[in-house]
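Take a look at the structure below.
The values are calculated or read from the model by the stated rules, or taken from the named source; none is laboratory data. Nothing here was measured: the structure is a model prediction, and the numbers come from that model. As a convention, Cβ positions derive from the backbone with ideal geometry for all residues, glycine included, and neighbour counts pool all protein chains shown.
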Amino acid sequence: MSLCPVTSESLAAVIEERWNQFVDELAAFCSIPGVSADPAHKVDMERSASFLADGLTRLGFAVEFWGPADHPAVYAEKVSSAERPTVLMYGHHDVQPVDPVEEWDSPPFSPVVHDGALFARGAEDDKGQVWMHVKALETLLAAGDQLPVNVKLLIESEEETGSAHFEQILMEHRPRLSADWCIVSDTAFFGHDVPSICTRLRGLVTLEVTVTGPDIDLHSGGFGGAVRNPTQALASLLASLHSDSGHVQVPGFYDSVRSLTPAESASLQSLPFSEDVFRKEAGNIPALWGEPDFSPLERLWTRPTCEINGITAGYGGPGSKTIIPSRASAKLSCRVVPEQDPHQLGELVAAFLESNAPPEVRVTTRVGAAGRPVVIAWEQPLLVAARAVMREVWGKEPVESGTGGSIPPVEAIGRVLGIPCVLFGVGLPDAQIHAPNERFDLGQYKKGIRAIALLLIALSKEE
């Protein structure tokens with residue numbers, strides 16, 4: 001039996017009573033510029049962790065900071081009875097850089113609310129959804145004086161840079177992190193008013209390639225035509241990665257990619273996908289692109305990719321500077337599907353770039369952060385309970401969805417801790433995470449608080 005004598009209605013009443021507080025707190029959390037990729041934000045990372053820790057301490061949680069001091073993970077627990085099930089909650093409080101800042105309609109760390117959403121960097125990814133968990137715990141305590149399950153939270157601060165220390169944290173603190181289930185809210189609904197639970201994540205590996213020519217920048221008039229331009233050589237190398245249709249031309253890139261089963265294909269085809277809506281969400285692009293033998297959802301969720309994330313070369317300031325730059329570099333990322341090894345795939349791409357280097361330049365590559373893909377069984381008991389809660393709160397049967405993105409800690413939690421996860425994110429696909437004008441729909445925030453609370457009640461009844 002549930003140890004928390006509350007109902008969906010009583011939870012909703014608490015949320016309504018405290019709603020302005022919940023929104024104001026989220027805005028305050030999002031005002032802290034915890035950009036993990038930028039060392040200049042070291043103090044902000046500490047402030048972000050402290051804000052989260054303070055919020056959990058007020059709810060009676062015991063709180064500790066784990067991991068590196070400049071990227072602290074927040075661990076909190078409220079364990080009241082060994083007879084109750086234990087739920088681990090995972091999320092991250094670090095955020096993406098804000099560039100290009102001039103494309104924001106309002107300052108990215110000065111949150112504003114309009115059109116039913118809170119606009120700020122991190123509003124949805126992932127501060128909003130982390131704070132949604134904290135407010136669900138507050139709501140349960142306010143409605144019933146106690147939590148229905150033991151709760152542990154591990155909120156890291158390196159997810160946006162590859163979770164470099166996360167697995168080390170899991171290994172070091174494995175006994176403390178023991179739990180029956182894990183709830184992760186770092187994903188989005190398939191569409192507006194289309195509740196969904198994500199069961200498929202692609203993995204990730206990052207690379208950096210550098211092309212070096214002369215030791216110094218050269219005058220383009222004095223040397224142009226006789227010296228190979230590293231920027232041109234880099235552009236040629238990058239162009240060779242793909243065919244015109246989007247097929248990656250690295251030998252062995254697709255060797256271990258399996259075909260979908262008929263059931264998997266039918267599941268994808270049943271989803272209410274609209275190409276017009278998707279093109280709008282993608283920034284009003286004129287047309288889709290990619291491997292012609294696969295549908296857009298197949299390309300997004302079930303096929304590996306190799307993307308060019310950024311290029312640094314030459315002069316980009318005002319006016320012109322007529323040079324042959326001495327070097328050019330690019331950052332790449334590959335999304336990885338099940339059965340593929342991300343490290344191995346990264347080495348294949350690196351070898352391809354180096355072996356195709358023009359003789360007039362030097363090409364070096366570095367394989368960086370990597371994370372494995374995840375597939376979660378739709379009929380797993382944890383997901384069955386989550387689907388029932390989502391059906392109650394949103395009034396619709398949730399669909400099974402995937403995402404082309406990566407959350408490496410989900411795979412690590414399953415492999416290192418042996419804990420099943422549910423991806424219970426409530427974001428929306430047009431929230432512009434990682435882009436200017438990121439936002440979190442406040443209706444989703446409100447329903448998400450109630451849904452997390454109800455899920456904890458439901459899990460207290462699981463055998």
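Check LEU141, LEU118 and return the single one that is surrounded by fewer than 24 Cβ atoms within 10 Å (Cβ to Cβ), of a type outside the set (Asp, Glu) and within 21 Å of HIS92 (Cβ to Cβ).
Only one candidate qualifies: LEU118.
Kindly provide the set of residues from segment 1-49 that are without any contact (Cβ under 8 Å) to a residue 60 or more places away in the chain, under 26 Å from LEU140 (Cα atoms) and among the acidic types (Asp, Glu), ordered by number.
GLU9, GLU16, GLU17, ASP24
Given (1) out of contact with any Pro (no Cβ under 7 Å at 6 or more places or on another chain); (2) surrounded by fewer than 24 Cβ atoms within 10 Å (Cβ to Cβ), identify the lone condition not met by LEU423.
(2)
Could you list, in sequence order, the residues of segment 159-188 that are among the small types (Gly, Ala, Ser) and out of contact with any Gly (no Cβ under 6 Å at 6 or more places or on another chain)?
Correct list: GLY162, SER163, ALA164, SER178, ALA179.
Between ALA40, ALA76, ALA120, ALA13, which is in contact with a strand residue (DSSP E or B) (Cβ under 8 Å, 6 or more places away or on another chain) and over 21 Å from PHE440 (Cα atoms)?
ALA76
Mind checking whether some residue in segment 418-428 is over 20 Å from the mean Cα position of the chain (by Cα) and farther than 26 Å from PRO100 by Cα?
yes
Tally the residues that are surrounded by fewer than 20 Cβ atoms within 10 Å (Cβ to Cβ), in a strand (DSSP E or B) and among the β-branched types (Val, Ile, Thr), restricting the search to segment 207-226.
Matching residues across segment 207-226 total 2.
Just for strands (runs of 3 or more DSSP E) wholly inside segment 71-116: which have at least 1 residues that are free of Cβ contacts under 8 Å to residues at least 40 places away in the same chain?
Here the list reads 112-114.
Go through segment 66-123 and give me each residue that's at pLDDT below 95 and either within 21 Å of ALA188 (Cα to Cα) or of a type in the set (Ser, Thr, Tyr) (or both).
SER80, SER81
Does ALA266 satisfy being buried (at least 20 other Cβ atoms within 10 Å of the Cβ), among the small types (Gly, Ala, Ser), over 25 Å from the mean Cα position of the chain (by Cα) and not in a strand (DSSP E or B)?
No; evaluated as a whole, the condition is false for this residue.
Inspect all residues belonging to segment 122-140 and state whether any of them is closer than 13 Å to GLU25 by Cα and outside any helix (DSSP H, G or I).
For segment 122-140, residues closer than 13 Å to GLU25 by Cα and outside any helix (DSSP H, G or I): present.
Kindly indicate which of ALA287, ALA239 is in contact with a helix residue (DSSP H, G or I) (Cβ under 8 Å, 6 or more places away or on another chain) and either free of Cβ contacts under 8 Å to residues at least 12 places away in the same chain or hydroxyl-bearing (Ser, Thr, Tyr) (or both).
ALA287
Would you point out which residue out of ASP276, ASP293 is exposed (fewer than 11 other Cβ atoms within 10 Å of the Cβ), acidic (Asp, Glu) and within 30 Å of GLY252 (Cα to Cα)? Explain how you work it out, then say what you get.
Values: ASP276 fails: within 30 Å of GLY252 (Cα to Cα).
Selected residue: ASP293, the only one of ASP276, ASP293 that is exposed (fewer than 11 other Cβ atoms within 10 Å of the Cβ), acidic (Asp, Glu) and within 30 Å of GLY252 (Cα to Cα).
Where residues in segment 16-37 are more than 17 Å from TYR445 (Cα to Cα), in a loop (DSSP other than H, G, I, E, B) and touching a helix residue (DSSP H, G or I) at 6+ places or on another chain (Cβ under 9 Å), which of them is modelled with the lowest pLDDT? So that I can check it myself, show each step before the final result.
Start the filter on segment 16-37 by keeping residues that are more than 17 Å from TYR445 (Cα to Cα), which leaves 31-37.
Now drop any that are not in a loop (DSSP other than H, G, I, E, B), which leaves 31-34, 36-37.
Still in the list and also touching a helix residue (DSSP H, G or I) at 6+ places or on another chain (Cβ under 9 Å): 32-34, 36-37.
Working: ILE32: 98, PRO33: 98, GLY34: 97, SER36: 96, ALA37: 93.
Of everything passing the filter in segment 16-37, ALA37 is modelled with the lowest pLDDT.
Conditions first: (1) surrounded by fewer than 21 Cβ atoms within 10 Å (Cβ to Cβ); (2) under 22 Å from the mean Cα position of the chain (by Cα); (3) assigned by TED's automatic domain parsing to the domain that holds GLY405. LYS331 passes all but one, so which condition is the exception?
Single failed check for LYS331: (3).
Among GLU159, GLU167, GLU172, which is the only one that is within 30 Å of GLU438 (Cα to Cα) and surrounded by fewer than 22 Cβ atoms within 10 Å (Cβ to Cβ)?
Criteria check complete, one pass: GLU167.
Do we have GLU411 as at pLDDT 95 or above and among the acidic types (Asp, Glu) here? Full working, then the answer.
Values: at pLDDT 95 or above: no; among the acidic types (Asp, Glu): yes.
So GLU411 fails the test.
So, in segment 145-160, exactly how many residues are in a strand (DSSP E or B) and under 16 Å from the mean Cα position of the chain (by Cα)?
Number of matching residues: 3.
What residue, of ASP293, ASP244, ASP255, ASP276, is assigned to a loop (DSSP other than H, G, I, E, B) and over 22 Å from LEU201 (Cα atoms)? Before you say what the answer is, go through the steps one by one.
Working: ASP293 fails: over 22 Å from LEU201 (Cα atoms); ASP255 fails: over 22 Å from LEU201 (Cα atoms); ASP276 fails: assigned to a loop (DSSP other than H, G, I, E, B).
Selected residue: ASP244, the only one of ASP293, ASP244, ASP255, ASP276 that is assigned to a loop (DSSP other than H, G, I, E, B) and over 22 Å from LEU201 (Cα atoms).
Take segment 38-70 and flag every residue that is assigned to a strand (DSSP E or B) and either under 19 Å from the mean Cα position of the chain (by Cα) or not aliphatic (A, V, I, L, M) (or both).
GLU64, PHE65, TRP66
Among the aliphatic types (A, V, I, L, M) and over 28 Å from PRO272 (Cα atoms) - does that describe any residue in segment 186-201?
No, because not a single residue in segment 186-201 is among the aliphatic types (A, V, I, L, M) and over 28 Å from PRO272 (Cα atoms).
Within segment 296-325, how many residues are surrounded by 14 or more Cβ atoms within 10 Å (Cβ to Cβ) and not in a strand (DSSP E or B)?
Within segment 296-325, residues that are surrounded by 14 or more Cβ atoms within 10 Å (Cβ to Cβ) and not in a strand (DSSP E or B) number 11.
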